[in-house]
1. Is it possible to state the helix-based mean residue ellipticity at 222 nm for the chain, with each DSSP H run of 4+ residues giving -39500 (n - 2.57), the sum divided by total residues, to the nearest 500 deg cm²/dmol? What is it?
2. Could you work out, for the stretch 129-170, what percent of all Cα-Cα pairs fall into each 5 Å distance bin, beginning at 0 Å and stopping at the bin that holds the largest distance?
3. What is the sum of charges, Lys and Arg at +1 and Asp and Glu at -1, for the other residues whose Cβ falls under 12 Å from the Cβ of Ala209?
4. Quick one: of the DSSP bridges fully inside the stretch 1-121, what percent are antiparallel, nearest 5?
5. Defining a contact as two alpha carbons under 8 Å apart and six or more residues distant in sequence, what relative contact order in percent does the stretch 143-196 show?
6. Net charge near Glu223: determine it from the other residues with C-beta under 9 Å of the C-beta of Glu223, scoring Lys and Arg +1 and Asp and Glu -1.
7. With all pairs of different alpha carbon atoms counted, what Kirkwood hydrodynamic radius in Å does the stretch 102-174 show?
8. When all protein chains stay in place, what accessible area (Å², nearest 10, 1.4 Å probe) is found for Ser25?
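The values are calculated or read from the model by the stated rules, or taken from the named source; none is laboratory data. Note that the coordinates shown come from a computational prediction; the quantities given were computed from them, not determined experimentally. Virtual Cβ from ideal backbone geometry, glycine too; neighbours counted across all protein chains shown. Only protein heavy atoms, including side chains, enter the accessible area calculation; ligands, DNA and RNA are left aside. Shrake-Rupley method; radii C 1.70, N 1.55, O 1.52, S 1.80 Å.
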Amino acid sequence: MPQPLDELRSLLRQARRVLVIAHVSPDGDTIGSTLGLAAGLRLLGLAVRLAGADPVPANLRFLPGTRRFSRRPVGNEDLIIAVDCSDASRTGGLHESAGPAAPPLVVLDHHITNSGWGQVNIIDPDAAATAQVVLRVVQHLGVPLDPDMATCLLTGVVTDTLGFRTNNTTPQVLQDAVTLMAAGAPLALIMDEVYGHNPLPMMRLWGLAFSRAVLQDGVLWVELSQQDMAACSANVTHVSGLANFMSTIDEAEVALVLRE
């Protein structure tokens, strides 16, 4: 029986146009992984279009290729690849827009909750970030890493490990980071761009969220209404990263952000 990586290779050989989808409320892993994968597929001669239901957060716009994202649903593509999406709802309706005539779907992910909802599923729950899964894919396809691709993938690793601080930062994570840095990814620049630049509307929104956060039985949650967003002049990109930051609170075993 063919392995998922070989099944992906076969689908790519039959495709000319590929749609790569990032998840809603995008974070550094889905954006970095999507951009890195797209760059690799283009080196194979494929036409690649990037789609995302929500805008790219401001602190990730330094990555090469972020302007290529659009909200346009499935068009005339031969293949769809959903990146870092644990289920279909995470595509924000972009995958469902194809209807019953949808082209083959490949899912690349690292979430243990992924149900394997694609025709081909390349899922590694042991990976700290989907960027590591994408790295394995491009290596399997024989695509050489260039600095832009490496920068995108290292951003995915950095953000999903909160700067190599999560308990799933294994020796393999650090080895992958070294591989990406050796290919030209600037770790110091990534850390500064991701964590060193925070817009005022985001800080106002987070401050409002924490002012009324609820903690019960180890679960910390906040609710953000559309009125809250408007009051802070915030948009959906300013919510990205809030749950990760909440998870650093000592008393919180689980952190939730509920957004209207």
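1. Details: 9 runs with 96 residues, N = 260.
Here the helix-only value at 222 nm equals -11000 deg cm²/dmol.
2. All Cα pairs considered, the percentages come to 6, 24, 29, 22, 13, 7, 1.
3. That sum, taken over residues with Cβ under 12 Å, equals +1.
4. Restricted to the stretch 1-121, the bridges split so that about 0 percent are antiparallel.
5. With pairs under 8 Å counted, the relative contact order is 55 percent.
6. Net charge in that neighbourhood comes out at 0.
7. About 13.1 Å for the stretch 102-174.
8. Only protein atoms counted, so the area is about 40 Å².
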